[in-house]
Each structure stands twice: as structure tokens, then as C-alpha cells.
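Below is one structure, written out as C-alpha cells; the observations come after it.
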Amino acid sequence: MKKSNLSFFKALLLMTIALCLQNSSFAQTVRTVSGQITDSLGTGLPGVTVSVNDPKGNVISGTDGHYQIKAKDGTTLTFMYVGYETKTVIVNQDEINVSLSAQTNEAGTDVVVTAFGMKRSERSLGYAATTVKSDDITRTGTTNFATALYGKVPGLQIQAAPGGSTSGVYMQLRGVNSMLGKTTPLIIMDGVPIRDGAFNSGNYWGDQRERNNGIVDINPEDIENITVLKGAAAAALYGSEGVNGVVMITTKSGKNNKKGFSVDVNANYFQDQVAYLPRFQNTRGTGFPSQVPGYYTSDANGFNTQQYADANGNMYRALVQGNLNFGPVFDGKPIIAWDGVVRPYSAQPDRYKNLFQKANNSTQTVAISSNSAVQSTRFSVTNQHTEGLSIGSKNDKMSFSLNSTLHLGKNNDLQIIGNYYNLHVHNRPYLIDRMINNFTGMMPVFDNGDWYRNKYQTSLGYKYVLNTTQSLTPDENIHIPSYMTDILDYMWNVNKDIYDEYENRLIASITDSWTITKGLKLRGRVSTDYTNTNIYDKQSSTQPIVYGASGNYGVQNVYYNMLHADVMMEYNTKLSPDFDLTATAFYTADKEKGQNTSIYTNGGLSSENWFDLAATANPISNPSAPPLEIVKDAIIGTVNINYHNYLYAEGTIRRDRTSTMNPDNNSFVYPSANAGFIISDAFKLPETINYLKLRASWGIVGNYPDPYKANVAYLPANWGTQAPGTSPVLTTNTNFNIYGNLNIRPEKKNEYEFGLTGQLLHSRLGFDATFFTNTINDQILNLALAYSQGAVSQLNNVGKLSNKGFELSLNATPIDLKDFKWSFILNYANYSNKVVAISENSNSIIYGDYDGNAYQIVARVGHPAGEIMAHPLLKDDKGNLIVDDAGLYEQDPNKMESYGSIQSKGYGGFINTFTYKNFQLNFSIDYRYGGHVIPTGIFWMNSRGITEASLYHMDKAHGGLSYYLDANGKGVQTSGTAGPNGETVYNDGMMLPG
Amino acid sequence: MSNRGIAGLTSCTKSDFADAYAQPSTLNQTTLEKQFAGVLTANLDYTMYRYSNYFVTLQNTCLPWTQAVGVINTNGRYVPGAAAVSGRWQNYYTFLAQYKDFLNIYNNLSPEDQAAKKIYLIAATIFYDDMTQKQVDLHGDIPWSQAGLLSTNKGDYNASYAKYDPADSIYTTMLDQLKGYADDLSTMTLAPAVATVIKSQDFINNGDVTLWAKYCNSLRLRLLMRVSGVAAFKSRVSQEIGAILASPSKYPLILTNDDNALIRVYNLNSVTVGGNTISGINNGSSTGQESSFYTGLYGWGGGDVPSKAMIDLMNSSSDPRLRVMFQPGDSTNGKYVGLDPTQNQTLQQNTYNAAKVSRYNYSTLTYNLNIPGILIDAAEVNFLLSEYYLDNSNAAQAKATYETGIRQSIAFYYNLRAISSDNTEGAVTPTTNQEINNYLADGDISWDAQSTQKGKLNLIATQKWINYSVLEPIESWAEQRRLKLPEFTFLPDNANSLQKLPPNRWTYPTNESSFNTANYEKVKAKDNLTTKIFWDVN
């Protein structure tokens, strides 16, 4: 096993063209005001928006910062420029010169949207919350918001599945909180939960295509900001769903715009190419050293013993058919390749890349905003076209976003938010598992993706045919060795199969906020996240119908609806001049329903490429429609106290009910508390410290079993009629695999967190440090049983897990010159995770056993969850490695040892912004360290001689030892040019110590 | 929109939670009849001819150890692998748990229902005892009387750790049960309401009480003969077999193929259970080289090649089954050739890679989707009787049942070909009475040609072996361990320090030592490959 350092290095250069069109209106002239706008160093600032309300109008300053605008005396000129503080000046003369100072946020005054859309000032929070603004999200022209968060939030780990924009994104906050349950954060958009969901990426045998999940639908262009809440206290209001943290998205609304009407247009384009591939060798082709008999029928030079004819009947040498690439070294002389073309026998460095396409991606957004005394509205339409690297894969998405607030009288606001997504995913990428993990799929060294493009189908459009298999085009049958059937299959699939997904998704909410009297507010909200996806799977006929029906057609419908509602009553009062008190009560309810229906033809299509269920060759069997239903509700009470605006405390108590536990025993109560203390306000500190805050929180959160797992029920089946004159055999079976548990309790996460935030040196340096520790008791596990007890495992509250972590975010502006500015944000997070207990009868759980017990991923007591266990090499009693008769090490079949954890120890990001005059360059790196992966595919490829690493020992130049074979076929090391009896000396030997 | 409206719209009621709790594809209630058929379907992977049993379990254990197939001399070939043991063990306890849950439902019926539906209890228990006997023959002591009670104990796993029952006590319990049921069946008639339902639910005998009686008594005969060498059982063996033979109408046996206890293939449907699609009551629906039986028996390659011992004997004795059970290799010039167990692995590999050996016949066996799962058949019962008569010095009956057994076996294999779903190997020349008579007169086959007790016993053992072939390797291995006949040559596995020749039993899977630790400790000392099963006394 190889220790693999997983430090990701990713540089993103971007160019965003933003066009800002703003309307202007006309009014009578009173005075023409002109002047120059400069920065604090006196440099003219171009592009500053100067606006006036009477007569209404605005202009933009020229290259050296000069502007001219008409305005009435006594009206106000507003100077706005991104990155600078807005300034207003009363009009009283013809020349008004202004100097704008660079924006420095006053520490702690930022408003943070917390649970249920409540707005709190950052300074009042007793827990960690990180906000990322829209500019930072859309700047990189990313196709989904999650990948835009790479490195930006301390403690947020993001992994995007390969496959481009249509593939899922996996997020994880603060490491692993559950050994078997969900580990991804809750996604909240505009105060309501939305669908996220797991996706397929890796289980080739379960599903051959890359799937996505709910979060990739969200349009980055519509996002105002994203706040990430971490820790049990922060998430207390969301209960079990928030146990892994909460990612809260606020979409753009009209209310931040100035009064009136505006239109924004925005477009961007970028291209993806295959970037990182294993280090392949480009030295030798398919075959095996000739002194090793029995593998391939090759001649003394390692080529095929048989020659093959080209189209003109000329005979050429060829390689052998096989998957081992330890054959003849490239010599550049003619050879006939498997596609029948004669080429020089030389390396094909782009062979793998040519299996894929370049992906073009573009986005256009139009947004309209309107703002008046009675309403504020924003409506946007985004058209996004993205392509996958997989041939023919593309995705068209239209996103419509409406965010409107109506002021219904003085005390009542009605907010209507609707996000509608219409997607068409065409040819979702196939997993390339077979080309990594299968011998007949690993591309040999003398091979090329381009050759497959011409050969996967016959001239009649049927699937390629091998050797002497029956075919209408026998001359085209592939018969020259060294082709790979899995690659041919892959090319056939991506080119000939048509797979269309049409998704309609509506995320909508209506919120009514009513201020009953001063200090007493009532708010009610309903929302839905409704998705309906129709999938049409058309697999082309592979052979003429005379040889039998082939091809396949299926329709699938995926339906999902999450209905959410909450009611909040808030009471705010001043208890004394020193104390503010806010008391809040909530009721929330969620109902989730889903169904995945799928019907496929059976036994092929009765007419070639007739894509209809009626085309089925045999009667359709086993349509499936697995359903999902979850019901949850909660009552929550919260009290907040504010002492002199520098000491804040909050306490929450919550009662949950869930349908995933026994209906007679399905509720659970848990508390949390947090406090924030602004030291810099409470005490006089040195001037270099602008802001310093200490925070502490504690909380318990429950986590529930997955739906249907706790119930004990029979599995019914209908086996059909088994004898003439009888009825179908009907059976029920007790569930032997995972027996339920009527007494299951929720998992309980108990977390403490402390944090310190500060702004120093006039806010040129800021930091935020957090330490937390948690224990998750009553982990719900499938407790392994002896089969003889009557089940393989049973759902039980047995495990205990603990996490510790440290998170640090630094922001600094090291250089701030007249024309040049460099600022950066450095995020760092470090976690340690430990399995404290599993159960009284077991110290480990096996998550997965791979490649026939070659390795396992396990959770072991005293170690992090997700350890890699594998067989060590066999040693003798003295601890020396044993070398067997074949000269190789043997694995010890009876032992498994730890080879590290799959969890990263730490991760973070380094985000730099360089500003030179009007140009801005962003440069970001995100990283992970610690953690191991098993690159099974790489090991297989090494064994097949495809990688650079496999060249080791191939000859003297690559460290090979010289030896000859004695009469018994045993290798004897030598330094001579021939053996004692004239045996040939080979230079590809290796000798293992031991 | 009013806030009160939202509250009313959304609050969850208790029934909302209850409705969403249960998985719609499951049932909270069941019936005795459904659980009964659930018992019969719980171990189809091991009663039918399927990939997992043959590939994972049998090709690495009983098939080579009985020389039904050629022994491929790989390292570690006499140590049952973890996967081989564990897979079968898990399935047996899945099946056992299903049976115990069935019993729980039966025990909770009213006394009237219990009386009316006793046929379900009897039929399920006969089948259960048959499967248990194989489990005991492989492992010896097993968790049994207290096993599989998690469901009966309402999910209390602490109360459900099962002790190991001694192997001989399990045999005693089963013999007692089956004796009682044989008596019950001899007088049983079913009420029409019961008969109608069981006719469909019982896909082995379609609720035919007489056929269940025949299965019951034949199974008793098998159990009794297996323990016939054990001193403590001797009187019981002669008494009970004597009673069975004395009243053939009260205690009927399976003596002709028409009465065989089989799981017949009626359709190739697959079935959805708990959202998973699995094979139905059949051998899967894939055909040809993809057939479940073929892929399992073929294994890593060469697994469906018969042993030299079997082919040599069948060649020299002109066994009428030769052409129906086997096919020549592609490069054997039409001759039947078995794999030599004394050659090294490379030589063996080269031999079967070059197609210089025969194969088990595709059309009769491995590609034949219609082979019924054999529980007990007429040939086997006749050979058991022959051995009993031989032990009890009834020479005439011993010879008659020996020859009847051979005739039934030949007919059975020809019938498999007749009902086959596959015709890859073309038509087979039918056998004739003359051919069979010649075979029975052959020097190596003829009853009369053997003068000694052991010689005659060897004839019976040899015929059992051919009849069991690759279809009943577990029974075959048990009989070979008991009789030590026929005698085979194995190349010792010198590379393995643990086991150089075929073992005497299978060890327990690690699942037991890991999770049933306290009970396992008590049998740990006996848990090795050399401990003999209690009936292994020769």
C-alpha cells in the first residue's frame, strides 16, 4: 500500500465580464455639478457611480475620476464604488471633489442570518458562523455554489464527483459525526430546508452513471450570501437535521437595491479539459518478457507470433492480445494496430485524453429589480449550458428566481420566494470504473482513444463485432490483437445510448411577518421543495434483429416533495436599562415524500431502435417504485439576553418527534446554550486591538435512524404459480439482514465550543479561532450479531464517537499601496476523530470489504472512523519478511493491519486578491492533508504495466538486476554477459530483501 | 395569508408519524401459510443449482474432496475457505430463523387451528430436519435448539445467544420428531380448506400427505443409516428400519423416481423481495455459458472436469450414464477423459486449457435450467436399503435394491436430459435394457462378482458416489467419510502446514467466535479440521 499525499492544488484564474446597464431618467436642470473622485491617496477613481435623487439620475466617473451631473441645490449626491465606503455630499456648489476611503467593515456589526432566517448581529453570536458573499461565489464562473466554497469556510470539506457540472457535490463540516448515519450538512435556502441527498459516485455495480444531488441545482447567480453554521449550539434550532452543521443560502432580493428599477446582465464562459491523469508510461507496449513462458504466444522479441494483413493484403507484425504491458520497447518501426491501420510503433501520449471531449460551459443571467415603498422585488433568469468531459454529455438549465416582499400595511410583510429550475441533462456521464478496475478496460500503452472512435460501431451502425462472431459486415470484425473490449463498450455506450433527464424543480415559500405590537412579532411560513424528474433511457440495438433482440428502453420517474412549515412568535422587551430580553417560540413541521418509479423493456427491443415500452421482446417484469416518507416536527423555545451590548447569552430547548422511530416512543427533548462577550467593549484595550470577542457554547443535538430501519416487519413476495392447477406461492420472510428495533433512541451529540475573534491594526489583520470537542453517544449502529441468534445485525444504540477540532481563519492586507493591493484569507482546520465504543461484543464495524478481502474500511475502537485495514506481508517468527519459492513476498492471510485513515486531518484554503489599478486577480488554493486513499485502480494499472511506476526494474537503466536462468528455471544473479553454460542474461531481475 | 392558517395546515398528528413509520413494501402481519412457503424458499441458493453455492462453497470443498470433479492441486485445497463456510452457515441460519418464526406463529394459533394445520408443521419440520442433518454432518455440534430466536424473543439480542447442541443429541431429537410425524402422516387427512391452500403453497409435494410420508421415512432411513455404526444408536437403527420395512403401507419410502422429493422448476421468473430482485424457484434464467450452475461449477476454470477415478471406472464398465452425464473434451477425439489428481497444478491447467479432458454434460446438467433441486431420490433410498440388507445378511434383498438403485439412477439422469432446457450437446442415444443388463454384469459392477462384505459395500458406495456426482456433494462427502469407500488417491498438500489431505469436518465461521463468544468457547477445543463427526467411526 502506498501512502498517498492528498494535497490538492488548484489554481483558478478567472475573467468575468460584467455589464451593468442602468436606466436613467430626466429632470430639469438646476445646477451642473462636476469634480474629481479620488481614493485616500489622491488617485482618480474611474467607474464610481454618482447618483442624485432630485432630479433623479446617475453618472459614472471617467478614467481619471472626473464626473459631471445635474442636481438641485440641497439634494444629496451619493458616491458609490465597490470596495469603498459610500459617501454622500449635499449639493451647494458647482465643484464637488470627494475622496473615498477603502471599505473596512466595522468589526462585529455584520448582520448574520441564523436559524429560521432570524437576523442577528455577528457580535451577539456565541458560536461559529462564517458568511461568504455573492461576489466570492460567482467570481470563478463556477457551475454550482458548493464548488465555489472550496477553501473559503474553515472546517467545510467539499468533494465534487468527477463528471463535470452534472455530478454531485459532497460537503462535510467538522469531520464525521455519525458512524453510519448522514454526515452531510443541512441545506437551508431563505430559511427553509431544501433537498440535498446522497448520490451515486463509485458504486459501479449499483448504477453505472454519475449522479448528482440537490445542491448542484441552486443557481450561484441568485445567491446573495451563504452562511455556514457549525457546532451543536448553532444548529440547535434545526435539531437532528442540523447535527452535521447548516449551510444557509440567502438569495438575492430587490430590497438592497436603490429605489426604482434596474436591470443587470451578466455572462461568462469557460472550458474544461481533462487535466489530471495517472502517470502513464510511454516506453513499451503490450506483451511479456519472452523468458517467462505461457503467458502469451509471442516471439523472442515479444511481438505476436502471427502477422496480420492491412487493407492491401500486406503483412505486418502485431502485438499480442493481452492486458499486461511488459512487452517490446517502442522502436518507431511499422506495426499494424488493432484497428487495422499501420503506424510507427511508438508512444501515444494522448491516448487516454482522446477518450474524452473538451467541455464548453457558458452562463447568461438577466436580473430585474424593483424597489418602492410598498414592495421590493427581484426577478432573474439564468441560462446555463454546461458540458461534461464524457463524450456527448451536456446539461442545459434554466433557473428562474423571484424574491418579492410586499409591505401590507405598516406592520405586516408578506414575502414570496420562488425558485424554479428546468433542467435537461443529456447523456449523464458513465462511471469509468471498468476502465480503471478491469483488465479488459485498462488502455494499453500502444493504443489511442481516437482509434476507438472509429471502431466502436460497424458501418451499419451496429455494435463492434469481434473475430469470427456472426456479423453482417464480417470484413469489419475486429480481429487484430490488442484491443480492449471495455473501452469499445464504453465508446459504444457514450456515443450510441441516449439518456435524457428532464427535471422540474420548484423551491417556493411564502412568509408572513406581523408585528402585533411593539416587541411582539408573529411569523408564519410554508414552503415546498418539489422535484419531478422524467428519465428516458434509450440503449441502441447492438445487433441486427435477425440475430436476436437487443437494446433496451426504460422510463423512470423520480418524484420528491418536501413540505415545510414553521410558526414563530417573538417577544422582545427591555427588562431594565441594562438588560434586553427576547423570548421566542417555534413550531416546525416537515413532511417528505418521494417515489422512484422505473420500468424497462425485457429481453431487448423487438424492432431495432424502437424506443417504446411496447417494443419489449419479452413481457415486462419487475417494475419498481420504492417510496420514501418522513414526517418530523418540533417545538422550540429560545431566550436571549443582552447586557449592555457586550454580553449576550442565549438558551434553547427543543422537543422533536420523528416518524423514523417507533410511533409509541418517538420524541426527544434537548437543550443548548451559548454566550458572546465583546472584550473590546467591556474593557479598554490597546489601540492596536480594534475588536476582540470571546464566545462559548454548549449543546446537545439528537440524530435519528434512517426511515424504515427501526420497524420490524415481514418481507412479502409472490413467487408465481409452481404447478398446474395451483395459485401463486406467496411468502413472507423475517428480515434476517438488519433486524429492526422498537426501542431505538436517537443518537445524542454533546458539544462544547470556544472561540476568539479579533480585528487588529485598523482591521488590516483579523482572526477567528475556534476550538470544539464533542461526544456522540448512543450511536445508532447495525450491531453485528452471531447469525445463529437469528439475524446478521440489528439496529441498536451502541457506539460512541468523539471529535476534537481547531479552526482558524486569518484575513490580512499585507500590502496596500496607491496602485497595488494584496489581501488574503487563510483558512485552516484540524480535526481528530476517535471511535470510543462500538458495542459490548465488538470492537469494530466493517464499512466495506473490497476486492475479496484485499482490504477493508473499518471503524475500530480507539481509532478514527474510516481506517484502512489490509493484510501485512508474511513474516517469520523473528519478524523477517518471508520470500516464497517464486521470489515474491506473501501476504499474511490471517492478519489485517491499519494502513491509515481515510479521513483528512486538516483542510483549508488560501485565497488571495491582488488589485492593480482597475485589474483584479484572484488566486486561491485549497488543500487537505493527512488521510489516505486506496487507489485500487492505480495498483491494478501498475500490475498491468501501464504506469510509469511499472517501468522500475525493466532494464539496467531502471534498476534491473542481471541474471540467467539455470537448468531448473531458477534465476541466478550474475555480472557476466552470459551464464556459465552460455545462458542468456536478462536485465529485468529484482530481489526482495527477506 | 393568516398565520393561524399555516399552523392548522401543518401540524403533525400521531397517525402521520405512524403511517410514515412502516416501509410500504413490508407487512406487519403474516400467516402460517405464507411463513411456511417462506421456509421452503429461504435456502433456494443451496437447494437449487446456483452460482454462489457452487463457486464459493462447493468447488473449494466437497466437490474435489469426493472426487466428483478432478482435484486441482492448488495450495490450501484441503482447508475449507472462510467464504465457503461462512456463506453456507449464514444461509442455514437465515433459513433456521425463518423456521423458528414459523414455529412461533404456529404455537400462537388456537388449538383447533394447530390441529387442522399440523401438516404445515410436519412438512416444514421434515424439510428443516433434512437441512439440519447436512449442517450437522459438515460441522458437528451446532447452535440449534436455542438458535434463531431473536424474533421470537421480540428483538432482545441479549436473550438470543444460542448454545451449541451436541451433534448426536440433534440426531436423536430429529429421529424422535420424524418418527412421531411418520405416525401422524400415516393417519392424516386434510380438511378441504387446508388441502386447497397447501396444494399451492407447498411446491415440493403440493400438500400430498403420502408423498410427505415417503420423504419423512426416507429421511429417517438416511439418518438411521448414517448413525448405524454408532454403538448408542445400534438398537434404534435396527428397530426403526425394521419397523419401516415391516409396514410399507404405514411407513412408505421413496423407491421409484416418481416419488422423489424434489424442488421442481416450473417457471424461470425472478422475484422481488424487500426491493431486491432474486431468482425464483429455479436455477436462475441465464442460459448457456451464463447459466448459474455452469458458472458456479466451472469456477475459475476447469471446475466442471470429472475426476479420473470416475471416468476410468465408467469407461471400463461401459456405464450407460457416461454419455448422458459427460461430454468428451474438444481435443479428446471423442473419448471421455478425467483429470488426474496426481499431476501438479500447472500440468493440470495445461491439460484442461488444451481441452484434453471431458466436462460434465452441458445439456443434461450445467446448462439445464430445469434440473430439480434434489432433496432425496429413489436411487439413494435403494442404496441405503441395500447397505441395510447387507449389514443384516439379507443377500437377495441387498442385491435387488442395489440393482434397482442403479436402474433408478440411470433413469434419473436420462430424464434430466429429457426435460432439459438446453440442446447444445444434441440428442443423446437412449439407453436400453440390454445395455443396463450388460453394465450390471460388468466385472467391476456385478453384485455377484464380489464375494466379501467389504467388496459389496464398496459397490454400493461407488454407486452412491456416481449417483450423487456434482448434484449432492454434501451427502456424497458424508457417506464417503462414514464408509471410507470408495478409496481415492489424493496428492498431499505439502505446502500447507495445517491440512495435507481432505479434512474430517468444516470449522465454524469466525462469525461465531466473534459474536457468540461465550458459547463458542465451549466447543472451541473441538473446532479443528481433524475432529470426526460422531457417526464417523470406521
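Taken together, the values in this text are just the output of simple stated rules run on the coordinates, not laboratory data. The structure presented is a predicted model; accordingly, all values stated were derived computationally and were not measured. Because the Cβ atoms are built from the backbone with ideal geometry, glycine has one as well, and the counts that use them run over all protein chains shown.
Let me know the whole percent of all Cα-Cα pairs from segment A:781-878 that are separated by more than 18 Å.
Considering segment A:781-878, 67 percent of its Cα-Cα pairs are separated by more than 18 Å.
Give, in whole angstrom and from largest to smallest, the semi-axes √(5λ) of the equivalent ellipsoid of segment B:234-348, with λ running over the eigenvalues of the Cα gyration tensor.
35, 29, 15
Test of understanding: extend the Cα→C-beta vector of B:ALA246 to 7 Å, then name every residue of segment B:180-197 with backbone N under 20 Å from that spot.
B:180-187
Quick one: length gained pulling A:ASP706 to A:LYS684 fully straight, 0.36 nm per residue minus the C-alpha distance?
So the chain would gain 2.7 nm between A:ASP706 and A:LYS684.
Rounded to two decimal places and with Rh computed the Kirkwood way over Cα pairs, what is Rg over Rh for segment A:717-858?
Rg/Rh: 1.31.
What FRET efficiency would be calculated for the residue pair B:THR530, B:ASP156, taking the C-beta separation as r and a Förster radius of 45 Å, to the nearest 0.05?
Once the sixth-power term is evaluated, E becomes 0.75.
Nearest 0.05, what FRET efficiency do B:GLU290 and B:MET188 give at R0 = 45 Å with Cβ-Cβ as r?
About 0.55, to the nearest 0.05.
Return the Rg/Rh ratio of chain B with Cα-based radii and a Kirkwood Rh. Can you show the working numbers first?
Numbers: Rg = 24.9 Å, Rh = 24.8 Å.
Here Rg/Rh amounts to 1.00.
Helix B:395-418 versus the longest principal axis of chain B: what is the Cα-based angle in degrees, 0 to 90, to the nearest 10?
Relative to chain B, helix B:395-418 is tipped by roughly 70 degrees.
Quick one: of A:LYS748/A:LYS804; B:LYS118/B:LYS199; A:LYS230/A:LYS804; A:LYS119/A:LYS521; B:LYS464/B:LYS526, which pairs are farther than 18 Å apart, Cα to Cα?
Where the Cα-Cα span goes over 18 Å, the pairs concerned are B:LYS464/B:LYS526.
So what's the convex hull volume per residue for the Cα atoms of segment A:320-430, in Å³?
Once divided by residue count, the hull of segment A:320-430 is 160 Å³.
What are the GluC sites (Glu not before Pro) within segment B:367-425 that DSSP puts in a loop, where the Cβ has at most 11 other Cβ atoms within 10 Å? Don't skip to the answer; put the middle values down first.
Numbers: sites: B:GLU380, B:GLU387, B:GLU403, B:GLU425; in loops: B:GLU425.
The qualifying sites: there are none.
Could you tell me what fraction of 2.2 N^0.38 Å the Cα radius of gyration of segment B:126-189 comes to, as a two-decimal ratio?
On the way: Rg = 14.1 Å, N = 64, 2.2 N^0.38 = 10.7 Å.
Normalised Cα radius of gyration, segment B:126-189: 1.32.
Just to check I understand the Karplus step: with θ = phi - 60° and J = 6.51 cos²θ - 1.76 cosθ + 1.60, what whole-Hz values come out for segment A:713-721, glycine and proline as x?
The phi angles translate into 8, 8, 9, x, 7, 10, 9, x, 5 Hz.
Give me, ordered by chain and number, the residues 5 or more places off A:GLY57 or on other chains with an amide H under 5 Å from its own placed amide H.
Here the answer is A:VAL52, since their amide H atoms fall under 5 Å of that of A:GLY57.
In peptide B:91-103, what is the residue-averaged number of other protein chain Cβ atoms found within 10 Å of each Cβ?
Details: counts 2, 2, 9, 8, 2, 4, 11, 6, 0, 2, 6, 2, 0.
Taking all residues of B:91-103 together, the mean is 4.
What percent of all Cα-Cα pairs in segment B:5-100 falls in each 10 Å bin, counting up from 0?
The calculated distribution, bin by bin, is 13, 27, 20, 15, 12, 7, 4, 2.
Between A:ASP310 and A:SER802, 0.36 nm times their residue separation minus their Cα-Cα distance comes to what?
Result for the pair: 170.5 nm of gain on full extension.
Debye calculation, C-alpha points only, no solvent: report log10 I(q)/I(0) for segment A:418-552 at q = 0.13, 0.17, 0.20 Å⁻¹, in the same order as the q values.
Here the Debye-derived log intensity ratios amount to -0.71, -0.99, -1.18.
Within 13 Å, Cβ to Cβ, of B:PHE515, how many net charges do the neighbouring residues add up to if Lys/Arg are +1 and Asp/Glu are -1? Intermediate results must be reported in sequence, preceding the final value.
Numbers: positive: none; negative: A:GLU840, B:GLU512, B:GLU521.
Net of charged neighbours comes to -3.
Output the relative contact order of segment A:493-547, whole-number percent, from Cα pairs under 8 angstrom with separation of 6+ residues. Intermediate results must be reported in sequence, preceding the final value.
Details: 73 pairs, mean separation 25.5, N = 55.
Once normalised by length, the contact order is 46 percent.
Mind checking Rg over Rh on segment A:771-838, alpha carbons, Kirkwood formula for Rh?
Using Cα coordinates only, the ratio equals 1.45.
So what are the radius of gyration and Dmax for the Cα set of segment A:371-480, in Å?
Over segment A:371-480's Cα set, Rg and Dmax evaluate to 26.8, 84 Å.
Take segment A:524-672, compute every pairwise Cα distance, and split them into 5 Å bins from 0; I just need the percent in each bin.
2, 8, 11, 10, 9, 9, 8, 7, 7, 6, 5, 5, 4, 3, 3, 2, 1, 0, 0
May I ask which of A:LYS463/A:LYS538; B:LYS500/B:LYS524; A:LYS518/A:LYS693; A:LYS800/B:LYS100 have a Cα-Cα span longer than 24 Å here?
With Cα atoms farther than 24 Å apart: A:LYS518/A:LYS693; A:LYS800/B:LYS100.
FRET efficiency for A:LEU575 and A:ASP135, Cβ-Cβ distance as r, R0 = 45 Å, nearest 0.05?
With R0 = 45 Å, the Cβ-Cβ based efficiency is 0.65.
Please list the three semi-axes, largest first and in whole Å, of the ellipsoid equivalent to the protein assembly as shown, using sqrt of 5 times the eigenvalues of its alpha carbon gyration tensor.
70, 41, 30
Taking amide H positions as placed 1.01 Å from N in the peptide plane, with prolines and chain starts having none, which residues 5 or more places from A:LEU520, or on another chain, fall under 5 Å of its amide H?
Amide H neighbours of A:LEU520, under 5 Å, 5+ apart: A:ASN572.
In segment A:478-562, what trypsin sites (Lys or Arg not before Pro) fall in a loop by DSSP, with at most 10 other Cβ atoms inside 10 Å?
When the trypsin sites (Lys or Arg not before Pro) of segment A:478-562 are filtered for loop state and at most 10 Cβ neighbours within 10 Å, A:LYS518 remain.
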